[in-house]
Every structure is written in C-alpha cells, then in structure tokens.
Amino acid sequence: MAEQTISTARMCQHIRDWPSADSPFFFSNSSVSMLACGARSRFQQSLSRPRLAATVNNWLQAQRHDRHDNPIAFGVIPFNESTPARFVLPQHTLISEPLTPPIAPDFWPENPLLSVTSLPDAESFKHSVKSAIAQMQSGTLQKVVLARALTLGFTNPLQPEQLLLTLIQKNPSAFNFCAPLSDVQGQGKWLLGSSPELLIRKQADHFSANPLAGSRKRASYSEQNRELEATLLNSPKDRHEHAIVVAAMQQALRPFARRITVPRSPSVISTGTMLHLSTLIEGTLTGDHHVLELAAALHPTPAVCGQPLAAAHQYIQLSEPFSRGYFTGLVGWCDAQGNGEWAIAIRCAEMHGQSLTACAGAGIVASSQANEELTEISDKLSTILQAAGVSPQALNFAGRCAAQKATVNG
Ligand SMILES: C=C(O[C@H]1C=CC=C(C(=O)O)[C@@H]1O)C(=O)O
C-alpha cells in the first residue's frame with residue numbers, strides 16, 4: 001500500500017526510529033502529518049521558474065501505474081535557480097493526525113557547542129541595511145529582505161529526529177519539515193524547520209496563500225502579547241512592509257484567478273517565538289492550473305526577497321556573504337492532479353554531521369532601523385536554537401571562545 005494511516009503514537013515512534021537508510025521526508029501542517037519513506041523515483045534538477053511545473057508534472061505523470069493512480073511527490077525548491085530543486089516519489093507514505101510528541105528531559109543528550117560563526121557579522125549586516133535604506137531613498141528599491149546565517153559546530157553528530165520532534169512539540173500548528181538534502185546514506189544532510197508561512201495551497205479549483213511580514217518577538221504573557229499585537233497593527237513601518245507583499249502576491253495570482261478575496265487589513269498570528277502581520281488570500285482558479293505554476297508565479301515573494309524583484313534579488317546577491325540554498329525556498333508536496341501545498345522554508349536549518357546552519361532574514365524598508373532588524377533576526381533564529389537546546393548563554397560562550405581563538409591565531 002503506497003499510503004497508510006497510522007496513529008499519532010506510531011508516527012512519533014517512526015520518527016524516533018528515524019529510518020535514515022530510507023531518506024525519509026517529513027512534512028506536516030496543522031491538520032495532517034506525513035512521513036514519506038524510500039524512493040520509487042527521485043528527481044533533482046536546476047530549473048528556471050517557468051519550467052518548474054511542467055517538468056515536475058511530466059516526471060510525476062510518467063510514474064503513474066494507471067489513470068486512477070494519484071501519486072504524491074515531496075520536494076524542496078531553492079531560493080535561487082542555481083541550486084537544484086529536489087523531489088522524491090516515495091515508496092510509501094505514513095499519514096497521521098497532528099502530533100504532540102512528549103519529549104523526555106534526556107531526549108537531547110549532552111552535546112556541547114564548540115564553535116559559532118555568523119555571516120555576515122553584526123556590523124557588516126547593519127552596514128548592508130543602511131546601504132539598502134540609502135538606495136531606497138534614491139528610489140531604486142522599495143523593500144529588500146536581508147538575512148544572516150549562523151553556523152554552530154557541536155561536539156557530537158546531530159540527530160535529525162531529535163530536532164524534528166522538538167520543533168513539532170514547540171510549534172504544533174506550523175509547517176514542520178525534515179527533508180533529505182543528500183542521497184548519501186549514513187551521515188546525511190537535512191533541511192529542518194517550523195515555518196509559519198504558507199506560500200500556496202491548491203485543491204481542485206480553490207487556492208489559498210498566507211503571506212506574513214512585519215514582526216515582533218512574542219512575550220511570555222498573553223496580556224503583553226495583546227499590547228504587542230496592537231503595536232504591530234498600528235505600526236506604519238510594519239503595515240507598509242506587509243502591504244508590499246500582499247500587493248505583489250495579489251498581482252501575481254490575478255491572471256490565474258476567477259475570484260480572489262483579500263481582507264482589507266491584516267491580522268496577527270503568533271508562532272512559538274514571534275508575532276507576525278498575516279493576510280489570508282483565497283480564491284478560485286480560472287482553469288486547470290498546477291500548484292507549482294502558482295508557486296512559480298509567486299516565488300520569491302517580497303516576504304523573502306523584496307520589491308522590485310530584480311533590484312532586490314541583485315542587492316541580496318551582492319550583499320549576502322553566503323548562499324541561501326533552500327532557505328527562503330519552498331518545501332511541500334504535489335500530486336499527479338496538480339494539487340499541493342508549499343510552505344516557505346524559513347525558521348529552518350541545514351544539519352550535516354556535527355554542524356547546524358540556521359538562517360533568518362528581516363524585511364527592510366526605508367523607515368527600518370538597522371539595530372532593530374538585527375534583533376529581529378536573532379529573535380527569529382530562536383525557533384531553531386531553542387529546539388536545538390542551545391541557550392543564549394551557550395551561544396555567547398562559544399562565540400567568545402571562537403573570538404579568543406581567532407585573536408590567538410591571528
Ligand atoms: C524572512 C523571514 O521571515 C519573513 C516572514 C515573516 C516576517 C518577516 C519580516 O517581518 O521581515 C519576513 O518577511 C525569516 O524568518 O527568515
């Protein structure tokens with residue numbers, strides 16, 4: 001049987017027993033969890049956005065046993081077309097209701113941090129924010145999303161199942177994912193995360209999208225959060241940052257839509273660590289459009305790149321001293337009927353052996369403050385850091401040791 005429904009307890013056990021040799025791919029939303037195991041077929045190719053939907057669909061159609069067969073493929077799509085898109089049609093997929101995994105206190109065995117590297121460093125990031133603002137004042141750029149990458153080196157190899165189960169426990173309503181990034185068995189490479197942002201979901205002729213932009217760090221008490229929500233909703237800077245994303249998405253979806261509904265003003269959603277301005281866009285399609293056709297028209301939105309797209313993309317290429325890879329790309333699934341669901345790969349990290357690289361970005365507009373954007377990125381990184389059991393103290397300590405070593409050596 002290609003798909004099997006199991007209990008949440010069995011799903012948690014399958015994740016705990018992480019079947020590495022099967023290159024498992026986990027993806028969940030607030031109503032379903034899916035663990036895809038093995039590969040009937042794999043697909044890995046650098047694809048331009050106009051070719052994405054047709055190429056993936058041709059591959060998937062060729063895998064159908066008969067016309068009643070509707071196989072589901074899982075995939076990751078990069079931020080930049082130079083990194084390959086990766087898809088797998090699994091041998092079998094386990095499906096369960098949403099998980100609330102209990103995590104035993106000894107679930108994270110002692111694994112001291114050895115090193116911390118930030119790219120760019122704090123000063124270079126602030127410089128890059130200020131240059132972007134100067135460019136906005138001269139009128140060539142309206143918004144750009146600038147990111148940092150934090151690489152942590154641990155004493156012992158990391159286990160994807162530990163990070164995944166902790167992410168699910170802390171962010172039960174997010175899009176939780178763990179996608180294999182190498183076909184090499186053993187010490188694999190994984191993309192793991194808890195994204196709050198739906199790029200696009202399509203089922204028959206109905207579609208929905210949920211852009212987020214404009215952020216505050218979530219407080220511990222609900223009363224404080226109510227105040228923060230009000231500040232966010234009343235902040236002209238955040239409303240502007242958000243409106244740019246909604247307008248661009250509406251424009252990109254319009255050619256496909258018979259009907260499109262966009263609330264007049266945003267609401268606020270909360271994740272385990274953050275509050276965001278959020279707009280739920282919904283509509284019906286004019287014809288038979290593949291979910292990846294819609295995704296390709298939208299990606300990358302100004303929630304992860306900027307506006308105008310080409311100028312923002314160029315600014316990112318020239319100023320970010322690391323390759324985003326799959327960060328701010330897409331993660332999700334599609335079936336042979338063109339339905340599917342794609343989340344934006346944020347609040348995520350690449351895990352490889354003893355190393356974990358977490359990235360986060362912040363939307364910069366003309367009224368942004370460099371210091372505040374730097375803090376916002378640290379707040380966003382805490383989704384991964386908290387789930388990885390890394391305390392701010394451990395981070396500072398490892399950072400100081402690395403700085404001392406650099407001074408001694410250099
Ligand atoms: C680019 C990221 O967040 C996006 C999603 C929500 C809020 C955002 C913001 O307020 O800047 C970003 O657009 C990230 O988490 O790395």
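The values are calculated or read from the model by the stated rules, or taken from the named source; none is laboratory data. A quick note: this is a predicted structure, and the numbers were derived from the prediction, not measured. Reconstructed Cβ throughout: ideal geometry from the backbone, glycine too, with neighbour counts over all protein chains shown. Heavy atoms of the whole protein, side chains included, go into the accessibility calculation; ligands, DNA and RNA do not. Shrake-Rupley method; radii C 1.70, N 1.55, O 1.52, S 1.80 Å.
Among the residues of segment 242-252, what is the count of those that are more than 16 Å from the ligand (Cβ to nearest atom) and surrounded by 21 or more Cβ atoms within 10 Å (Cβ to Cβ)? Going through segment 242-252 one residue at a time, the tally reaches 0. Just to check your reading of the model, which residue among ASN156, ASN58 is open to solvent by 40 Å² or more (accessible area, probe 1.4 Å) and closer than 18 Å to HIS290 by Cβ? Selected residue: ASN58, the only one of ASN156, ASN58 that is open to solvent by 40 Å² or more (accessible area, probe 1.4 Å) and closer than 18 Å to HIS290 by Cβ. Scanning segment 326-335 for residues that are open to solvent by 10 Å² or more (accessible area, probe 1.4 Å) and touching a Pro at 6+ places or on another chain (Cβ under 6 Å) turns up just one, TYR326. For segment 257-269, the criterion of being under 18 Å from the mean Cα position of the chain (by Cα) and under 24 Å from ARG148 (Cα atoms) is met by at least one residue.
Residues that are of a type in the set (Gly, Ala, Ser) number at least 2 in the following strands (runs of 3 or more DSSP E) confined to segment 1-118: 33-37, 72-77. In the list ALA343, ALA310, which residue meets the criterion of being within 14 Å of the ligand (Cβ to nearest atom) and either within 22 Å of GLN135 (Cα to Cα) or crowded, with 20+ Cβ neighbours inside 10 Å (or both)? Just one listed residue meets the conditions, ALA343.
Would you be able to say whether some residue in segment 367-376 is β-branched (Val, Ile, Thr), within 23 Å of ALA132 (Cβ to Cβ) and either within 10 Å of the ligand (Cβ to nearest atom) or assigned to a loop (DSSP other than H, G, I, E, B) (or both)? Looking for residues that are β-branched (Val, Ile, Thr), within 23 Å of ALA132 (Cβ to Cβ) and either within 10 Å of the ligand (Cβ to nearest atom) or assigned to a loop (DSSP other than H, G, I, E, B) (or both), one finds none in segment 367-376, hence no. Mind checking whether some residue in segment 231-241 is away from the ligand (no atom under 12 Å from the Cβ), in contact (Cβ under 8 Å) with a residue 24 or more places away in the chain and in contact with a Ser or Thr (Cβ under 7 Å, 6 or more places away or on another chain)? No, there is no match, as no residue in segment 231-241 is away from the ligand (no atom under 12 Å from the Cβ), in contact (Cβ under 8 Å) with a residue 24 or more places away in the chain and in contact with a Ser or Thr (Cβ under 7 Å, 6 or more places away or on another chain). Being open to solvent by 50 Å² or more (accessible area, probe 1.4 Å), under 18 Å from the mean Cα position of the chain (by Cα) and within 29 Å of LEU89 (Cβ to Cβ) is a property that SER323 has.
The set of residues from segment 261-274 being near the ligand (Cβ under 10 Å from one of its atoms) and either free of Cβ contacts under 8 Å to residues at least 24 places away in the same chain or not in a loop (DSSP other than H, G, I, E, B) (or both) comprises ILE269, MET274. Within segment 301-317, residues that are on the phi < 0 side of the Ramachandran plot reach partners that are of a type in the set (S, T, N, Q) and within 12 Å of the ligand (Cβ to nearest atom) with beta carbons closer than 8 Å, at six or more positions or on different chains, in the pairs VAL304/THR328; CYS305/THR328.
ALA85: in contact (Cβ under 8 Å) with a residue 60 or more places away in the chain, surrounded by 12 or more Cβ atoms within 10 Å (Cβ to Cβ) and closer than 23 Å to ARG201 by Cα, yes or no? Before the answer, list the steps.
Details: in contact (Cβ under 8 Å) with a residue 60 or more places away in the chain: no; surrounded by 12 or more Cβ atoms within 10 Å (Cβ to Cβ): yes; closer than 23 Å to ARG201 by Cα: yes.
For ALA85, the condition - in contact (Cβ under 8 Å) with a residue 60 or more places away in the chain, surrounded by 12 or more Cβ atoms within 10 Å (Cβ to Cβ) and closer than 23 Å to ARG201 by Cα - is not met.
Within segment 347-365, residues that are over 19 Å from ASP121 (Cβ atoms) and among the β-branched types (Val, Ile, Thr) sit with their Cβ atoms under 6 Å from residues that are within 7 Å of the ligand (Cβ to nearest atom) and not in a strand (DSSP E or B), at 6+ positions apart or across chains, in these pairs: VAL365/GLU241. Number of residues in segment 98-151 that are farther than 19 Å from SER382 by Cβ, of a type in the set (D, E, K, R) and buried (at least 16 other Cβ atoms within 10 Å of the Cβ): the value is 2.
The residues in segment 159-193 that are open to solvent by 20 Å² or more (accessible area, probe 1.4 Å), among the small types (Gly, Ala, Ser) and in contact with a His (Cβ under 9 Å, 6 or more places away or on another chain) can be counted, and the count is 1.
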